[in-house]
2 protein chains.
Amino acid sequence: MQIVQVDLGDRSYPIYIGSGLLAEPSLFLPHIKSDQVCIVTNSTVGPLYQSRLQSSLKDKQGAQVQLPDGEAHKNFATLNLIFDGLLQARHNRNTTLIALGGGVVGDMCGFAAASYQRGVNFIQVPTTLLSQVDSSVGGKTGINHPLGKNMIGAFYQPQAVIIDIDLLATLPAREISAGLAEVIKYGLLGDAEFLRWLELNIERLVALDPDALIYAIRRSCENKAKIVAADEREGGVRALLNLGHTFGHAIETQLGYGNWLHGEAVGAGMMLAAELSEKLGWLAAKDVVRVRGLLEKAQLPIAAPKSMTVDQFLAHMSVDKKVMDGRLRFVLLKALGEAVVVNDVGLSDLQHVLQASISSGLADTH
Amino acid sequence: MQIVQVDLGDRSYPIYIGSGLLAEPSLFLPHIKSDQVCIVTNSTVGPLYQSRLQSSLKDKQGAQVQLPDGEAHKNFATLNLIFDGLLQARHNRNTTLIALGGGVVGDMCGFAAASYQRGVNFIQVPTTLLSQVDSSVGGKTGINHPLGKNMIGAFYQPQAVIIDIDLLATLPAREISAGLAEVIKYGLLGDAEFLRWLELNIERLVALDPDALIYAIRRSCENKAKIVAADEREGGVRALLNLGHTFGHAIETQLGYGNWLHGEAVGAGMMLAAELSEKLGWLAAKDVVRVRGLLEKAQLPIAAPKSMTVDQFLAHMSVDKKVMDGRLRFVLLKALGEAVVVNDVGLSDLQHVLQASISSGLADTH
């Protein structure tokens, strides 16, 4: 087992990474405050893993809330199912919520923990590769609004994150690829050495090689933890984590959440960021080829959906949270392994890159 | 103008108290981060004061959200009106929300500020005496759930609180009394000197004497700010602020929110706390007479609703947030001006005091 410590003062917490961890009571019990525990999961993951987790909680009084699966349900109505379950079971401020699921479950359970009686403890047990390397680290929680993704939420840290790679065995291949998009992101934005490791080992990851997975997850979590520790509330360097996300959110918003997976949209978004970086003269053509090759080997999209228009991209990006006072901000690449925030991208460069990508693009349903 | 500084490290903020403050741009503008401002008010207060506030904001881009008035609307659906307004006006993370209204508006606007894009700035302009002395100080924000009051929310501090006593002129007398319940609470729980001042000046406050109001509001805010600074997240001494509230919440829950005003329920709750303290031998009979006399002069209820049963009280109190691991906790009085948290009240003493109060009680619609 590997441990990554996220250093946030009195909100610090450990991430445990390994095989078989779901069946280790000693990882869970020290982070549970009272006899009250509430497992929050969804209708896909719950039947597979909930009873194994319940066994690790020994004789804790376990309420359980099973949410409908999918980004389409990341809303107030579903969030309220968690509050209903907690209140019906009369859980008090000393309860501990455990998120057993992917990013949607983690985001909603985290926001429920942040808000229930103005804040209770929670533990993340991410069950997708994407959530293991991304959404379970950093304290971003929340739900969607019809007018925008993740528009309502809180910065709220868990007591611990327990990453059991065995849970990936039941994950569809497409979701593994989506998770690899975020793994590749850490290499691209600030870890050139890891990027080279990924180029050599990407097939092992696609094939779920345990050692490769544990290494890639640990390195991803370390990279993210370092950035989050430097900027918990996203005032500065944390913006780099949005590499590929401004474009990606536009794709998700246009196609409707869930048609492309988040990681797939981020994959295409990173490709667009690389191409825009080349257009600005920062990346060489061979760098862009390396990015494209890596994304392709990870079985990720390398272009925007061909049904989208440039104007649709622009419209969605202007309400993105990454906008500061009306100016479009992008995270682009000065070099492979070195991302920067850019405020002054020319509109025509942007339009050109978007149009080229759309013209080479994929069908909407990836 | 008086200024009370709430000392919470990097979340510190000033409370301005005086007459005519709503028309002072210099109080607002330094606390507004960008050109985006959103006034959140309700259908009662908005028509009276919204345009006066808008004039003080000069040329800021002002979105406005008017909520339905009343505790019955302190729920997800109403909260969502704020998010709708912000997103439709494309407000970003640098927006500033201004809560113009009583406790319900302040609690909902504060929770919206805590949650919109995971946290934006807000300013409180409390328009009721209750919210001026209580809910605008301390950072408690939130909404109700059908199964409990204030069950969903956040601890979140405003940038500033601007208390203009002129706004009390349009407040019904019953709401002034409800506010005085919380004022009296500060005297009872920890400020014997202020309690004596209140006994001498309560009629001036009922008559809205400006000097008396400014003094009582300042002293209340100072008392609350001191306690909040010592215990921002309610782990210890802050529990004393719940004097009268465990009983009060049971009354509000049983009768339905809004039939008794919150302050009225707290008034009856403080009377019950005093009577239970006498039962335990801590207060003398003459102390209880002083409490009753002060509440009566403030035109507050001094007994539980006569329609309620002891069992209804017990049922509602066991899901109250003040319950720790199943044990009932009360805030009681060791002496006038000295509250303590008590974990081991005997059930028969409690039942006796509740029954005596109910037997002498008032009609439900106070």
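The values are calculated or read from the model by the stated rules, or taken from the named source; none is laboratory data. Quick caveat, the model's predicted, so the values are computed rather than measured. Heads up, the Cβs are rebuilt from the backbone with ideal geometry, glycines too, and the neighbour counts pull from every protein chain shown. Each accessible area value is taken on the protein alone, full model and side chains, heavy atoms only, with ligands, DNA and RNA left out. Shrake-Rupley method; radii C 1.70, N 1.55, O 1.52, S 1.80 Å.
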Q.
With 25 Å as the cut-off, how large is the P(r) tail for segment B:2-170, expressed as percent of Cα-Cα pairs?
A. 21 percent
(Q) Restricted to Cα positions, what overall size does the protein assembly as shown have along the principal axes? Three whole-Å values, descending. (A) 88, 60, 36
Q) Any idea what angle helix A:245-255 forms with the longest principal axis of chain A, computed on alpha-carbon atoms, 0 to 90 degrees, nearest 10? A) 80 degrees
Q) Put the label 7 Å from Cα along Cα→Cβ for residue A:5; what are its distances to the other copies, in nanometres, shortest first? A) 3.5
Q. Taking θ as phi - 60°, what are the ³J(HN,Hα) couplings along segment A:331-344 by the Karplus curve (6.51, -1.76, 1.60), each to the nearest whole Hz, with x for Gly and Pro?
A. 9, 10, 10, 6, 7, 5, x, 8, 8, 9, 8, 10, 9, 10
(Q) Rounded to the nearest 20 debye, what is the charge dipole size of segment A:1-99 about its Cα centre when +1 sits on each Lys and Arg Cβ and -1 on each Asp and Glu Cβ? (A) 200 debye
Q | Around residue B:104: net Lys/Arg minus Asp/Glu count, Cβ-Cβ under 9 Å | A | -2
Q. Got a number for the accessible area of residue B:222? Probe 1.4 Å, square angstrom, nearest 10.
A. 70 Å²
Q: Any chance you could check segment A:137-155 for residues losing 20 Å² or more of accessible area when the partner protein chains are in, compared with the chain on its own (1.4 Å probe)?
A: A:140, A:145, A:147, A:150, A:151, A:152, A:153, A:155
Q) Which lysines have a Cα less than 17 Å from the Cα of residue B:286, not counting those fewer than 8 places away in the same chain? A) B:297, B:334
Q: Output the direction-averaged projected area (hull surface divided by four) of the convex hull of the alpha-carbon atoms of segment A:138-248, in nm².
A: 8.0 nm²
Q.
Threshold 10 Å², probe 1.4 Å: give the residues of segment A:68-105, in number order, that are less accessible with all protein chains present than with their chain alone.
A. A:76, A:80, A:83, A:84, A:87, A:88, A:90, A:92, A:93, A:94
Q: Along Cα-to-Cβ, 7 Å out, sits the label point; list in nm, shortest first, how far the one on residue A:70 is from those in the other copies.
A: 3.7
Q. Given a cut-off of under 8 Å on Cα pairs at least six residues apart, what relative contact order in percent is computed for segment A:2-170?
A. 26 percent
Q.
Report the Cα-based extents of chain A along its three principal axes, largest first, to the nearest Å.
A. 61, 41, 38
Q) Accessible area, 1.4 Å probe, largest first: how do B:182, B:175, A:193, A:232 sort? A) A:193, B:175, A:232, B:182
Q) To the nearest Å, what is the center-to-center distance of segment B:255-305 and segment B:87-149, using C-alpha atoms only? A) 29 Å
**Q.** With Cα atoms, 0 to 90° folded angle of helix B:173-190 axis to chain B main axis
**A.** 70 degrees
Q. Which pairs in the list A:74/B:149; A:279/B:60; A:224/B:60; A:140/B:149; A:226/A:279; B:149/B:306 are over 28 Å apart, alpha-carbon to alpha-carbon?
A. A:279/B:60; A:224/B:60; A:226/A:279
Q | Fraction of accessible area attributable to carbon and sulfur, the protein assembly as shown (%, probe 1.4 Å) | A | 51 percent
Q.
Nothing charged except the Cβ atoms of Lys and Arg (+1) and of Asp and Glu (-1): what's the magnitude of the dipole of the protein assembly as shown about its Cα centre? Round to the nearest 20 debye.
A. 200 debye
**Q.** Under Karplus coefficients 6.51, -1.76 and 1.60, residue-wise ³J(HN,Hα) of segment B:32-45 in Hz, glycine/proline x
**A.** 10, 8, 9, 7, 9, 9, 10, 7, 10, 9, 10, 6, 8, 7
Q) What Kirkwood radius, in Å to one decimal, follows from the Cα pairs of segment B:173-359? A) 16.4 Å
Q. With Rg and the Kirkwood Rh both taken from Cα atoms, where does Rg over Rh land for segment A:246-321?
A. 0.98
Q: Specify the angular offset, from 0 to 90 degrees and rounded to the nearest 10, of the alpha carbon long axis of helix B:192-206 from the longest principal axis of the alpha carbons in chain B.
A: 70 degrees
Q) Accessible surface of residue A:289 in the full protein assembly, 1.4 angstrom probe, to the nearest 10 Å²? A) 90 Å²
Q.
Let me spell out the model: positive unit charges on the Cβ of Lys and Arg, negative unit charges on the Cβ of Asp and Glu, origin at the Cα centre of segment B:33-90. What dipole size does that give, in debye rounded to 20?
A. 200 debye
Q: Would you mind giving the total buried accessible surface between chains A and B, with a 1.4 Å probe and ligands, DNA and RNA left out, rounded to the nearest 100 Å²?
A: 3400 Å²
Q: Kindly report the accessible area of segment A:3-132 per residue (heavy atoms of protein chains, probe 1.4 Å, no ligands, DNA or RNA), in Å².
A: 33 Å²
**Q.** Chain B residue with Cβ closest to the axis mapping B onto A, distance in whole Å
**A.** B:76, 3
Q: Compute the label-point distances linking residue B:229 to its equivalents in the other copies; points lie 7 Å from Cα along Cα→Cβ; give nm, one decimal, shortest first.
A: 3.3
Q: List the relative contact order of chain A as a percent without decimals, with contacts defined as Cα pairs under 8 Å and 6+ residues apart.
A: 15 percent
Q | Highest-fluctuation residue, B:114, B:239, B:207 considered, GNM on chain B with Cα pairs under 10 Å | A | B:207
